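Comments concern the structure below.
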């Protein structure tokens with residue numbers, strides 16, 4: 001298993017300062033492995049709330065957990081017991097009165113919206129949040145970048161012994177989410193309907209969100225489509241990238257763009273098993289764009305705003321990063337070893353006035369282009385963002 005040292009260090013620091021920390025991420029991304037690794041260096045208790053035996057131990061949560069107040073308590077799939085948050089609040093407050101102000105609970109969840117709502121209302125001022133995403137480009141060698149792009153960043157998929165085994169794992173992952181995990185969270189959505197919707201998003205990777213078009217294709221109304229999209233976003237399987245907007249006297253596109261976050265899941269939804277199949281498919285450029293955007297989100301400093309820019313006249317930037325302090329970067333994403341920048345990028349930069357103009361491409365060399373544009377690899381781009389953190 002590959003462990004993200006950046007996230008591990010962040011978790012360790014937060015546990016030194018906060019009584020509760022929530023580690024959020026989709027299933028099979030490595031949350032349990034990471035949490036148990038953190039627990040090895042201190043007295044700890046691990047409870048899996050999908051286990052009937054472990055849930056039975058919490059029939060009286062305050063009584064049971066009070067007997068383990070000297071330990072870091074790791075609660076996995078904590079959204080399965082939403083009523084538990086009120087008990088945790090009482091235990092945290094009693095621990096504070098006894099002088100224990102940090103490192104009490106580590107909560108693992110794979111459904112962000114439910115967990116955030118439940119914990120945010122009950123544990124306000126007592127909890128910090130960390131997201132664990134699939135592997136990004138900075139966590140693998142440059143030589144493995146195409147494998148990451150093809151298979152995605154879920155560790156079991158990325159590390160599979162062959163592309164065929166990886167593809168089978170991802171198809172099983174999709175089926176398990178549709179048939180077991182999502183129904184267990186409460187939504188009553190037919191698995192085949194949600195599969196069709198998820199696959200439609202894959203075909204429209206990086207496109208502007210168009211609820212009316214999707215609704216017509218599915219035979220449902222726009223509100224239903226919006227609820228399906230919100231669900232996949234809440235499960236951290238899909239990303240909605242908002243448009244940049246300001247009062248600059250120009251007509252700007254205001255619809256968000258939508259991405260299947262993990263490129264391995266994207267390719268599995270489209271039935272693409274090999275790199276050659278991906279390269280021959282129209283989704284190749286949009287899939288590479290998604291990988292760059294996910295890597296940016298994983299490595300950019302806290303407080304960075306990530307958007308895209310597009311005007312009605314065709315000026316466009318794939319990714320606009322507004323870093324803490326207001327510094328702005330304009331990022332063009334190209335799936336070509338000889339990247340060319342279109343006129344629309346230059347026009348957009350006239351509107352945005354970015355401090356840096358960057359082209360991210362799949363090569364390894366770094367070189368300049370006219371008009372102050374820097375061409376760099378995805379790995380180099382991620383390192384630049386980490387250096388700003």
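Filtered by the rule that a residue be within 22 Å of residue 40 (Cα to Cα), modelled with pLDDT under 90 and touching a helix residue (DSSP H, G or I) at 6+ places or on another chain (Cβ under 8 Å), the stretch 58-86 gives 69, 78.
Criterion first (in a helix (DSSP H, G or I), buried (at least 17 other Cβ atoms within 10 Å of the Cβ) and within 24 Å of the chain's Cα centre (by Cα)) does residue 319 satisfy it? So residue 319 does not fit the description; no.
Might you check whether a residue that is within 22 Å of residue 137 (Cβ to Cβ), in the same structural domain as residue 328 (by TED's automatic domain parsing), surrounded by fewer than 16 Cβ atoms within 10 Å (Cβ to Cβ) and without any contact (Cβ under 8 Å) to a residue 60 or more places away in the chain occurs anywhere in the stretch 293-301? No, the stretch 293-301 has no match at all. Kindly indicate whether residue 169 is under 30 Å from residue 360 (Cβ atoms), part of a helix (DSSP H, G or I) and out of contact with any strand residue (DSSP E or B) (no Cβ under 8 Å at 6 or more places or on another chain). Yes: the conditions hold for residue 169. If you go through the stretch 260-283 and keep only what is surrounded by 13 or more Cβ atoms within 10 Å (Cβ to Cβ) and outside any helix (DSSP H, G or I), you end up with 260, 261, 262, 270, 272, 273, 274, 281, 283.
For every residue, the table says whether it meets (1) modelled with pLDDT of 90 or more; (2) not assigned by TED's automatic domain parsing to the domain that holds residue 264.
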site: 105; (1), (2): yes, yes
site: 111; (1), (2): no, yes
site: 115; (1), (2): no, yes
site: 125; (1), (2): no, yes
site: 145; (1), (2): yes, no
site: 151; (1), (2): yes, no
site: 157; (1), (2): yes, no
site: 181; (1), (2): no, no
site: 186; (1), (2): no, no
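When we screen 249, 325, 271 for residues that are within 22 Å of residue 385 (Cα to Cα) and either over 16 Å from the mean Cα position of the chain (by Cα) or modelled with pLDDT of 95 or more (or both), the only hit is 325. Out of 96, 89, one residue alone is without any contact (Cβ under 8 Å) to a residue 60 or more places away in the chain, closer than 20 Å to residue 44 by Cα and in a helix (DSSP H, G or I). It is 89. Of all the criteria given as (1) touching a residue at least 24 places away in the same chain (Cβ under 8 Å); (2) surrounded by fewer than 19 Cβ atoms within 10 Å (Cβ to Cβ); (3) part of a helix (DSSP H, G or I), the one not satisfied by residue 7 is (2). Once the stretch 349-372 is narrowed to residues that are touching a residue at least 40 places away in the same chain (Cβ under 8 Å) and surrounded by 15 or more Cβ atoms within 10 Å (Cβ to Cβ), the residue that is farthest from the chain's Cα centre (by Cα) is 351. Closer than 19 Å to residue 208 by Cβ and assigned to a helix (DSSP H, G or I) - does that describe any residue in the stretch 326-345? Yes, because at least one residue in the stretch 326-345 is closer than 19 Å to residue 208 by Cβ and assigned to a helix (DSSP H, G or I).
Right, residue 150: buried (at least 22 other Cβ atoms within 10 Å of the Cβ), touching a residue at least 40 places away in the same chain (Cβ under 8 Å) and in a helix (DSSP H, G or I) or not? For residue 150, the condition - buried (at least 22 other Cβ atoms within 10 Å of the Cβ), touching a residue at least 40 places away in the same chain (Cβ under 8 Å) and in a helix (DSSP H, G or I) - is met. Any residue that is within 22 Å of residue 240 (Cα to Cα), outside any strand (DSSP E or B), in the same structural domain as residue 202 (by TED's automatic domain parsing) and out of contact with any helix residue (DSSP H, G or I) (no Cβ under 7 Å at 6 or more places or on another chain) - is there at least one of those in the stretch 363-381? Checked the stretch 363-381: at least one residue is within 22 Å of residue 240 (Cα to Cα), outside any strand (DSSP E or B), in the same structural domain as residue 202 (by TED's automatic domain parsing) and out of contact with any helix residue (DSSP H, G or I) (no Cβ under 7 Å at 6 or more places or on another chain). Can you confirm whether the stretch 304-311 contains a residue that is touching a strand residue (DSSP E or B) at 6+ places or on another chain (Cβ under 9 Å), in contact (Cβ under 8 Å) with a residue 24 or more places away in the chain, surrounded by 20 or more Cβ atoms within 10 Å (Cβ to Cβ) and assigned to a loop (DSSP other than H, G, I, E, B)? No.
Considering only residues in the stretch 48-57 that are out of contact with any helix residue (DSSP H, G or I) (no Cβ under 6 Å at 6 or more places or on another chain) and surrounded by 13 or more Cβ atoms within 10 Å (Cβ to Cβ), the one that is farthest from residue 34 (Cα to Cα) turns out to be 55.
Here's the yes/no breakdown for (1) surrounded by 15 or more Cβ atoms within 10 Å (Cβ to Cβ); (2) within 20 Å of residue 316 (Cβ to Cβ); (3) in the same structural domain as residue 148 (by TED's automatic domain parsing):
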position: 205; (1), (2), (3): yes, yes, yes
position: 211; (1), (2), (3): yes, no, yes
position: 214; (1), (2), (3): yes, no, yes
position: 220; (1), (2), (3): yes, no, yes
position: 230; (1), (2), (3): no, no, yes
position: 236; (1), (2), (3): yes, no, yes
position: 240; (1), (2), (3): no, yes, yes
position: 255; (1), (2), (3): no, yes, yes
position: 258; (1), (2), (3): yes, yes, yes
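The values are calculated or read from the model by the stated rules, or taken from the named source; none is laboratory data. Just so we're clear, the structure is a prediction, and the values are computed from it rather than from any experiment. Quick reminder, even Gly has a Cβ in these numbers, built from the backbone with ideal geometry, and neighbours come from all protein chains shown.
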